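Take a look at the structure set out below.
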Amino acid sequence: DAQWEILAGLLPEPACRRPSGGRPERHHRRAIIDAIFYLVDNGVKWRALPVDFPPWATVYGFHARWSDNLTVIELTGRLRAALRVAHGRQPDPTAGCIDAQSVSETAEATVPKTTSGFDPHKRVNGRKRHILVDTLGLLIAVHVTAADTHDRDGASPLLHTAAAVGVRHLWADKAYRGDLVTRTRDNLGITIEIATEPSKGKGFQVVPRRWVVERTFAWISRRRRCARDYERLPDHHEAIVYWAAIIQMSRRQAHMTYHKPQHQVQKQALYKKR
């Protein structure tokens, strides 16, 4: 209920309420969102959606339409801004992290060869998702390519998105070294800082700043639809990643908004009396 209360006001207005007019929607928007969340979180096929949800073709139609008109990107941006404000940050980030992750394609051969490749470094046959996050690990943008695409080549769309939202500093790993750092600084006004690994020692050691984006990959991979690549189109894989981020951010915001510690509630009530 708390999640839906947050998402209800962020979804686009139904066509029947617009000046251009349109047919009223047969199914409630909450049922559509629940079905998309179920598919992303559990990794089922579209045709395998339980009968408790609207017909799979209807749910897929909303998914495709909201992907084409950039609704998922706008929804992700609004949730990210609200969470940043709740954490005492500015709505728009000025710094972030960038990285790439190779994902194996499914054995059902749904990924065509034209958009697939082999990553010899990670030994993964499939696709590679390049993501841009802020310093809290909240998703800003994602770009999906074949797995044999180098990290520097796949970063170009993300860097232009970073410049558009106001990001001026990025942390990255050594795969982004080279002329990309110079070109990004000269053309986009963004400085890329290569995060160096700490001095070698026993056991696992966290790489400064880079752990933020690695944690985001962990958040995304928790959704079974993102554990492997099941999408025929790269754009739909990007949309699934955005939905995974929407699930994570809406749950986090609902917890912060509707499950505040008792001492915070008492403090706010005292402030209102004053």
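The values are calculated or read from the model by the stated rules, or taken from the named source; none is laboratory data. Fair warning: this is a prediction, and the values are worked out from it, not measured in the lab. Cβ: placed from backbone, ideal geometry, glycine included. Neighbour counts: every protein chain shown. Heavy atoms of the whole protein, side chains included, go into the accessibility calculation; ligands, DNA and RNA do not. Shrake-Rupley method; radii C 1.70, N 1.55, O 1.52, S 1.80 Å.
I'd like the GluC sites (Glu not before Pro) in segment 66-119 restricted to DSSP loop residues with at most 10 other Cβ atoms within 10 Å, sorted by number.
When the GluC sites (Glu not before Pro) of segment 66-119 are filtered for loop state and at most 10 Cβ neighbours within 10 Å, GLU108 remain.
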(Q) Using square roots of five times the C-alpha gyration tensor eigenvalues, list the equivalent-ellipsoid semi-axes of the chain in whole Å, biggest first. (A) 31, 27, 18
Q | Prolate/oblate/rounded label for segment 57-149 (Cα gyration tensor, a/c 1.5) | A | oblate
Q) Quick one: which of 117-123, 235-241, 161-167, 78-84 comes out on top by average Cβ neighbours within 10 Å, and what's the full order, highest first? A) 235-241, 78-84, 161-167, 117-123
Q: Roll a 1.4 angstrom probe over the protein heavy atoms and tell me the percent of accessible area of the chain that is carbon or sulfur.
A: 50
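Based on the mean of other beta carbon atoms within 10 Å per residue, what is the order of 2-8, 213-219, most packed first?
Working: 2-8: 15.9, 213-219: 18.3.
Highest-to-lowest ranking by the protection proxy: 213-219, 2-8.
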Q) Summing Lys, Arg as +1 and Asp, Glu as -1, what charge do residues with Cβ under 9 Å from the Cβ of SER67 carry, SER67 excluded? A) -2
Q: Using amide H atoms built 1.01 Å from N in the peptide plane, name the residues 5+ places from GLU193, or on other chains, whose amide H lies under 5 Å from its own.
A: LEU170, TRP171, ALA172
**Q.** Two-decimal ratio, segment 78-210, of alpha-carbon radius of gyration to 2.2 N^0.38 Å
**A.** 1.15
Q. Within the chain, what is the number of lysine pairs with alpha carbons under 23 Å apart, leaving out pairs fewer than eight places apart on the same chain?
A. 11
Q) What's the extension gain from ASP1 to TRP46 if we count 0.36 nm per residue and subtract their Cα-Cα distance? A) 13.8 nm
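Taking a probe of 1.4 Å, how large is the accessible area per residue of the chain, in Å²?
In whole numbers, the chain has 56 Å² accessible per residue.
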Q: Could you tell me the accessible area of LYS128 in Å² (1.4 Å probe, neighbours in place), rounded to the nearest ten?
A: 20
